[in-house]
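The values are calculated or read from the model by the stated rules, or taken from the named source; none is laboratory data. The structure presented is a predicted model; accordingly, all values stated were derived computationally and were not measured. Heads up: the accessible areas ignore ligands, DNA and RNA and are worked out on the full protein's heavy atoms, side chains in. Shrake-Rupley method; radii C 1.70, N 1.55, O 1.52, S 1.80 Å.
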Amino acid sequence: MDSVNLSAGWIESLNLMGTDVKTLLLVVGVPVLGLVFIIWAGWRSKAPGPTILAAILATVVVGLALDMEGNAGKIGEDINNYEGGSTVIGDQ
């Protein structure tokens, strides 16, 4: 019996649409979900304090999601520095 990969067409199609879908999710999806979170927190708490904190949290999450390339570069630098770094006396 021959093995046939039925999802080959779907995988290729998703790879071709990958950057567009990623851009759509990061530029539209994350901010919309942040706005929904703020509205939900305000509606549930009916108080300004938790709503303001939800807005701050949503802003941080959206900002980090939109700067994914900068974060990846910084994390890569940290990993390289850690792997090649020397051990300081007293470190365990």
Between Val28 and Thr59, what length in nm is gained on full extension when 0.36 nm per residue of separation is reduced by their alpha carbon distance? 9.8 nm
Which value, in Å² and to the nearest 10, is the accessible area of Ile75 when all protein chains are kept and the probe is 1.4 Å? 100
Using only protein heavy atoms and a 1.4 Å probe, report how much of Val60 is accessible, in Å² to the nearest 10. 80
Is region 16-70 rounded, prolate or oblate when judged by the Cα gyration tensor, a ≥ b ≥ c being the square roots of its eigenvalues, rounded requiring a/c under 1.5 and prolate requiring a/b larger than b/c? oblate
